[in-house]
1. With Cα extents along the principal axes in Å in mind, check [x] 68, 50, 41; [y] 113, 38, 34; [z] 84, 57, 34 and report the label derived from this structure.
2. Pairs LYS66/LYS144; LYS198/LYS259; LYS198/LYS232; LYS291/LYS336; LYS198/LYS320: which exceed 24 Å Cα-Cα?
3. What's the ranking of 201-208, 97-104, 111-118, 294-301 by average number of surrounding C-beta atoms within 10 Å, highest first?
4. Using only alpha carbon pairs under 8 Å that are at least six residues apart, calculate the relative contact order of region 295-342 and give it in whole percent.
5. Using amide H atoms built in the peptide plane, which far-off residues or other-chain residues are under 5 Å from GLN88 H to H?
6. I'd like to compare 157-164, 215-222: which one has the highest average count of other Cβ atoms within 10 Å, and what's the full order after that?
7. Name the long-range amide H neighbours of LYS48: under 5 Å, sequence gap of 5 or more, or other chain; modelled H, no Pro or chain starts.
8. Where the only charges are on Cβ atoms (+1 Lys, Arg; -1 Asp, Glu), what is the dipole of region 34-155 about its Cα centre, to the nearest 20 debye?
Amino acid sequence: MLYQKRFAKALLWGGICTAVLTGCSQPAKDDGSAETTAAAEGSATDTKTVAITAIVEHPALDSVRKGVIDELKDEGFTEGQNLTINFQSAQGNTATAGQISKQFVADNPDVIVAIATPSAQSMAAATNSIPIVFSAVTDPVEAKLVPKLDGSGTNVTGASDALPYEPQIELMRQIIPNLKNVGYVYSPGEVNSTITLKNLKEKLTPMGIQVHEAPAQRSNDIAMAARSLQGKVDMIYTSTDNNVVSAYESLFQAAKEGKIPLIASDTSSVERGAVAALGVNYYDLGRETGKIVGKILKGEKAGNIPVYTPQKLDLYVSPKNAQSQGVTLPQAVIDKAKEVVE
């Protein structure tokens with residue numbers, strides 16, 4: 001009997017507490033209003049953080065970054081809604097790239113995107129746990145970013161901008177049929193560029209074509225390096241060397257002075273002075289990079305995702321730039337171009 005009285009009393013107090021607390025403890029009724037729907041979506045969606053760094057800002061690398069962000073939006077990750085993006089440029093300074101890497105690791109984002117080899121190398125040295133997705137890296141194995149391309153088994157994967165050399169050489173010889181000497185302006189401290197130099201020599205030397213090196217340690221040295229090739233070369237080939245691309249206008253001026261045609265592997269360089277360029281579309285490369293980031297944000301491990309390598313090359317030409325550099329573009333080359341820049 002005593003037990004029944006205590007039990008009844010407990011029920012009474014429970015009912016009072018429930019009545020008092022109902023307004024604050026029970027979930028709000030879903031009345032279909034915009035406010036209720038938004039609240040429900042907000043609570044169900046986790047905001048992801050993607051940190052992006054580039055060794056320098058120039059049109060090709062900027063296009064990669066834009067492609068990443070646009071692709072992430074298509075993957076369901078929109079900046080300002082369920083995605084936070086932190087972008088930092090190293091302004092061409094490898095020491096700054098190292099500082100950015102330390103800061104990003106301290107911030108602990110969901111994914112780090114490292115654009116260009118120097119930034120990717122700095123990030124890979126800074127963390128072996130946060131997923132890293134590199135982009136615009138010519139040879140990620142040689143750069144020691146991944147041990148292999150078909151899935152690293154580490155926290156690193158990404159998108160390479162490696163190009164087959166045969167189509168590049170064919171374009172050079174179409175524009176300059178009697179090609180004997182090729183100039184190459186590059187940064188000796190950038191792995192992308194030294195690998196390209198090595199490969200050019202391996203491909204061109206057996207063809208009786210000599211490669212003349214013109215190293216330039218800083219962007220300010222690019223024009224001087226180009227002028228050192230006057231009278232020695234039939235053309236200058238430019239890769240995606242970040243110092244060279246960031247100072248392309250000064251390279252163009254030197255090429256005009258010496259009447260040395262510029263042929264590039266970066267299509268955005270045609271608008272900045274190159275006669276022709278056969279290369280990857282860096283915005284598209286950014287989109288492919290964004291697909292990889294999206295997979296990781298959705299739960300895949302970076303080490304299980306193969307490195308992307310582009311299969312399609314675009315040809316851009318400029319008859320106007322060709323004329324200013326003392327050469328005429330063959331009509332057959334113009335006809336094959338995706339874009340003719342006037």
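Rule-based calculations on the coordinates, nothing more; no lab input. Quick caveat: nothing in here was measured; it's all calculated off a predicted structure. For neighbour counting, all protein chains shown are included, and Cβ atoms are generated from backbone atoms with ideal geometry for every residue, glycine included.
1. Of the listed options [x] 68, 50, 41; [y] 113, 38, 34; [z] 84, 57, 34, [y] comes from this structure.
2. Going by Cα-Cα distance, LYS66/LYS144; LYS198/LYS259; LYS291/LYS336; LYS198/LYS320 fall outside the 24 Å limit.
3. Ranking the peptides 201-208, 97-104, 111-118, 294-301 by packing returns 111-118, 97-104, 294-301, 201-208.
4. 40
5. Hits under the 5 Å cutoff: ILE52, THR53, ALA54.
6. Details: 157-164: 23.2, 215-222: 17.1.
My ranking of the peptides, most packed first, is 157-164, 215-222.
7. LEU83, THR84
8. 480
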